[in-house]
1. Just to be sure before I move on: is residue C:673 more than 9 Å from chain A (Cβ to nearest Cβ), farther than 19 Å from residue B:105 by Cα, open to solvent by 60 Å² or more (accessible area, probe 1.4 Å) and in a helix (DSSP H, G or I) in the structure I sent?
2. Of the residues that sit in the range C:513-555 and are at pLDDT 80 or above and either in contact with a Pro (Cβ under 9 Å, 6 or more places away or on another chain) or among the acidic types (Asp, Glu) (or both), which one is least open to solvent (accessible area, probe 1.4 Å)?
3. So which of A:38, A:24, A:18, A:82 is among the hydrophobic types (A, V, I, L, M, F, W, C) and modelled with pLDDT under 90?
4. Quick one: which of B:57, B:73 is buried (at least 20 other Cβ atoms within 10 Å of the Cβ), at the interface with another protein chain (Cβ under 8 Å from one of its Cβ atoms), over 30 Å from residue A:54 (Cα atoms) and free of Cβ contacts under 8 Å to residues at least 12 places away in the same chain?
5. Of all the residues that make up the range C:205-233, how many are surrounded by fewer than 19 Cβ atoms within 10 Å (Cβ to Cβ) and under 20 Å from the mean Cα position of the chain (by Cα)?
6. Any residue at all in the range C:619-635 that is within 14 Å of another protein chain (Cβ to nearest Cβ), open to solvent by 90 Å² or more (accessible area, probe 1.4 Å), in a helix (DSSP H, G or I) and of a type in the set (Lys, Arg)?
7. Do we find a residue being of a type in the set (Phe, Trp, Tyr), under 33 Å from the mean Cα position of the chain (by Cα) and part of a helix (DSSP H, G or I) anywhere in the range C:544-557?
8. Quickly run through the range C:313-328 and pick out the residues that are out of contact with any Pro (no Cβ under 6 Å at 6 or more places or on another chain), part of a helix (DSSP H, G or I) and of a type in the set (D, E, K, R).
Amino acid sequence: MNVPTSYIIALSGVLFSLGILGVLIRRNTIVIFMSIELMLNSANLAFIAFARMMAPAAEALRGQVIVFFIIAVAAAEVAVGLALIVAIFRNKETVNIDEVNSLQG
Amino acid sequence: MTTDLALFLGIAAISILTAVSMLLSRDTIYSALFLVLNFLAVATLYLLLNAAFIAMVQVTVYAGAIMVLFLFVIMLLGTSHDTLGGPYRWQLPVAIILGLGLITELAVTLMARGESISNNAASVSEAFGSPASVGKLLFSEYLVPFEVTSVLLLVAMVGAVILTRRGKQEGL
Amino acid sequence: MSLLETASAGGLFLYAPLIIALPILGLLVNILFGRRLGERFVSLVASSAVGFAFLVAVLQFLALQGHPEGTTIHVADWITITTLNVPWALKIDTLSATMMLMVTGVSTLIHIYAIGYMHEDVRFQGDPGRYPRFFIFFNLFVAAMMILVSADNYLMMFVGWEGVGLCSYLLIGFWYEKGKDGIGNAIAGKKAFITNRIGDFGFLIAMFLIFGAVGSLQFEQVFHWAETNGMANAGIVTAITLFMLLGATGKSAQLPLYVWLPDAMAGPTPVSALIHAATMVTAGIYMIARSAPLFAVAETSAHVAALIGAATALFAATIAVGQFDIKRVLAYSTISQLGFMMAAVGIGAYVAGMFHLVTHAFFKALLFLSSGSVIQGIEHGHHDLEGHNAGEHGEEFDPQDMRNMGGLRSRMPITFWVYLIGALALSGLPPLAGFFSKDEILADASMENLAVYVMLAAAAFLTAFYMGRQILMVFFGKSRSEAAAHARENPPVMTIPLMILAGLAVVGGGLNLPGLHSLTTWLEHTIAHVHATDFNVQVALTSVALALLAIAAAWLLYGRKTLTKGDRDPLRGILGPIFIGMENKWWVDELYEVLFIRTYVHLAHFLAETLDWRFWHDWFHDRVLGAFYRNGTRWLAGSFDLGVIDAFANGLGTITGMAAAGLRKLQTGFVRTYALAVFVGVVLVLAYFIFV
């Protein structure tokens, strides 16, 4: 595709910002978690764009390899994170992150 | 306007729209579904960027497994509704301003140094991004991370089981 | 090698330091072991120390036979400061050998006597623990006296001078809790010490002047300077000799500093015999004899010395006539005889003076010891009557008062005979020792200074009179008290030294018989200006006649009709107020009290009470220093420590608390806040990287 890489990077950046906004604005823990996934995804997009930009050099494919790993790690992280959320829900009966403030000093 | 560019713009619009909708929707399930759409759009973009294998992995794992897991938990916990607001209302405008600031920074960076990454015209072989080539790299140079990742997934599984285990007195 | 050969070789001189070292060794042994090893050990050690010192003196005498010019034994360096060089050195020459022999010889005899006397005495006074202390002080005295007579320089002589003064004080106050009001003996000792101190002040000034003028304190150099530069600096020499004379009047009890000697009779009799009759009091005479070259230049001082001596002789003799205490009579007699000696050295008759010094030592010691024997006998009699209650008598019954004696001739025969010999010797009857020595002085005086001669002759008359009076009152007639009636003779340890001394008093005249002049030739080697006095028949006959006249007068008053108990002294009727003056020693002590002592005591009280105690101690220390300190510490401990330091320390804690409270607010517990913080950081860091 003959699109300047900078455009794709811009898109990646915008998606990243939206992800951060989601973390800051929403109070539902699960939605916050989803925003985090959005951020990860935007990073993947940047990697792939750069991999395409550097083709056909030998190292170009490494961009895609690392995306592979990121997806795997994201999967693991989601599993554990959601388990945590379930455990907290059992204790506090809520997924409103504002109510999880026992560490208040 | 080439077709590529138009195509790209269309997909970009979809992904941004879905992302915004995910942020703003009240219903958590709608948010999850919007995110799925976002992932699919991004997967399409991967395809266009000659990352076929990754695109499939994205669809299978990300949109297929992870988001499904999200939906499971949402339905399990029955937390469909959510509102904005709550204490620290002042944080909302601050966050938006900061977000805009971040976008501005990115724009500035791209405009200042964007020329060096503008060239995207080199043609690639069909094998670029194919499962075979990625696999070859994965099993030779990146073998150790590959195996470690498998251990990581095992650990995650065990962790998830332990974290959600109830105490002895409540039974299993 | 025979002894004489060794002597002529000069080797015997080297034993001289032993003469000081032996008594010191004796006293150290007694200090360390005396109390444990008992009376016999203590007395043996002390007496043999002095006895061996006498033997060493004899060795020096023998050595001097071969080397009459004498020698100086350098023992150690003492003071060497730029120009001042004062060594510990012994000057062994004929003059010092004379003194050494006399002092150690008489000391040995008195030590032996004291063994018996102190043995009885400490039992009467009830304190046997004091026995070792007595002999320690006695040995210390002999050591100090030896330092004095063997000194090679004025400073070492001064050390000995002070040493004998100290021992005199210690021994006068030997029974320090007895005496008038329980403190009388101590006061007598203090009086002796302080009066001597006034004399010592004179001696010190003289030494300073000598050092200033000559640059050295050693006899050789001083006398050499006197012979060469003396006439040119006659003023300084006069000043020096006058101050020395002041010292001599203190130590040798001349006018006006004699007042301590009668009070010194508060000490035990051996002390009176040794220190206050034979040895210490002669130190002043010895000093003047030693400094003959200086006095030869300063004729004024010599005249002053002669006049003082003669006046003292007469003055003291008059007082002796009116005394009733047996030892007081002898004390004033000693002062009077010292006046004779002082007059002799004043007119330049050094040999006569030294001759009289030696013979006087014999018979005065004899008299004192015999008087001690008498007193002891009376006390025995008193105790036999009253049983053994020691320490009680003395209040009602004075064993020393002659009015309580009488008729002792039959009860204490040995004591009587030796006392008689001593008295006759003192009165100057030939052929006893006193005649030759006193006569030589009178002969010299008649040629040099008529006023002195007249005064001395009058004193000689009175001497014979009061001795006669004493003998008649004590030994003749009937006992005037029960105690006297029961008196008994003393054991041989006391009577044998008496007999030896009596023998010496008889033959002592042989030292310088007219014609033989042995002592003159002997002393010629040391004193430059001696001359042999020819025998003056006129003077001799006059003095014998005076003595016999005096004895006859005494017999008339006291012997023909002996006194019975309660009788008044017949002289009181004859002389009336003069006798009262004599009896009260012409009120000299009272005069001094009014003139000097009262003011001084007031001043001392003022300084001690008001100045030292009330002002310095009470006010200054307590109020100024104490208050400053107390308030200071109170402020420091209170306001400063609590207020400032604690506030600071607590403040640190408070600040930490406040900071913590402030910072704790960051921990809201809201995850979103944390996330916002992170995001803020990200944006800022990115901005930094992009724009900077």
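The values are calculated or read from the model by the stated rules, or taken from the named source; none is laboratory data. Since the structure is predicted, the reported quantities are computational estimates derived from the model, not experimental observations. Backbone-built Cβ (ideal geometry, glycine too); neighbour counts: all protein chains shown. Areas reflect the complete protein model, heavy atoms only, side chains present, ligands, DNA and RNA absent. Shrake-Rupley method; radii C 1.70, N 1.55, O 1.52, S 1.80 Å.
1. Here the answer is no, as residue C:673 does not meet what is asked.
2. Within the range C:513-555, the match that is least open to solvent (accessible area, probe 1.4 Å) is C:540.
3. None of the other options fit; the residue is A:24.
4. None of the others qualify; the one that does is B:73.
5. Total meeting the criteria: 1.
6. no
7. no
8. Selection gives C:327 alone.
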